[in-house]
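Pasting in a structure now, in structure tokens, and then I'll have a few things to ask.
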Amino acid sequence: MKVKFSPYMAVLAIFIICEAAIYVAFNAIAAAGGSDPVYLKYSSILVCLAVAGSMCYFCGRDGIVLTVALAFTAFSDYFILVRDDNYELGVCTFIITQFAYLYRLYADRPGKICVTLAVRVLLAAVVMAILKMYATLDFLVAVVTIYIVMLFVNLVEAAYLGRYGYKNTLFAIGLVLFFCCDVCVGLHNFDSVLGVELPQGLITFVSYAMWAFYLPSQVCIVCSARRGGLILGRGKNEGK
């Protein structure tokens, strides 16, 4: 049986090969004891953004939504990864990324978005109240809480929709990996936030695991682009 290799598939194949090469390169540099290849890592996110942009042609609205999400992701990484400053702005733009993914999950059912927003506000308020009992609740901690809640609920809802199609599954996997990366980031900064010192071996592990989760997460999300958007239920959004 012959498989038709479309331009869309060609773009994704080249994309995956390029990202795999960059991934191997920056891990090889790190393993060799070189300086942190920050710009090489950031280039992988810019490649994700560029390919997401090409999805505007192949996938229409869904490509546009992913391009917006990846644009704000690249903006966040510029401040958090490249400049290593202004974390508040970086996290705020990551929140916008999660709002783009929220739109993707509810694009064809906007009437239901109020319920999920109410759940997210309630969860964020509860988490902040708990954190306030153990740590100083400054602006950075507050926006990180909002971001994590947004990502976690997006993850849960994407996982639920994952059964309706492999593109949905790819998106869900991408968000799971995204969340795992952020867990590693949280553990890496555990001491500075809660004043609890973790074993050095764990800190070393999570410093490598961050990108082991992060780059594959972005690749999966870009590859989940689909004309017609996500399949939002049986008999709904059954586009090509």
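Could you check the range 115-130 and list, in sequence order, the residues that are under 13 Å from Phe99 (Cα atoms) and touching a residue at least 24 places away in the same chain (Cβ under 8 Å)?
Thr116, Arg120
Continuing with the same structure: Here are some residues: Val153, Val222, Val149, Val176. Which one is assigned to a helix (DSSP H, G or I), at pLDDT 95 or above, touching a helix residue (DSSP H, G or I) at 6+ places or on another chain (Cβ under 8 Å) and closer than 17 Å to Ile45 by Cα?
Val222
Just wondering, is there one or more residues in the range 19-34 that are within 16 Å of the chain's Cα centre (by Cα) and modelled with pLDDT of 95 or more?
Yes, the range 19-34 contains a residue that is within 16 Å of the chain's Cα centre (by Cα) and modelled with pLDDT of 95 or more.
Let's see how each residue does on (1) in contact (Cβ under 8 Å) with a residue 24 or more places away in the chain; (2) charged (D, E, K, R):
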| residue | (1), (2) |
| --- | --- |
| Arg83 | no, yes |
| Tyr87 | yes, no |
| Phe94 | yes, no |
| Tyr103 | yes, no |
| Ile113 | no, no |
| Lys132 | no, yes |
| Val141 | yes, no |
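The values are calculated or read from the model by the stated rules, or taken from the named source; none is laboratory data. What you see is a predicted model; the values in this text were computed from it and never measured. Here Cβ is always computed from backbone atoms with ideal geometry, including for glycine, and neighbour counts include all displayed protein chains.
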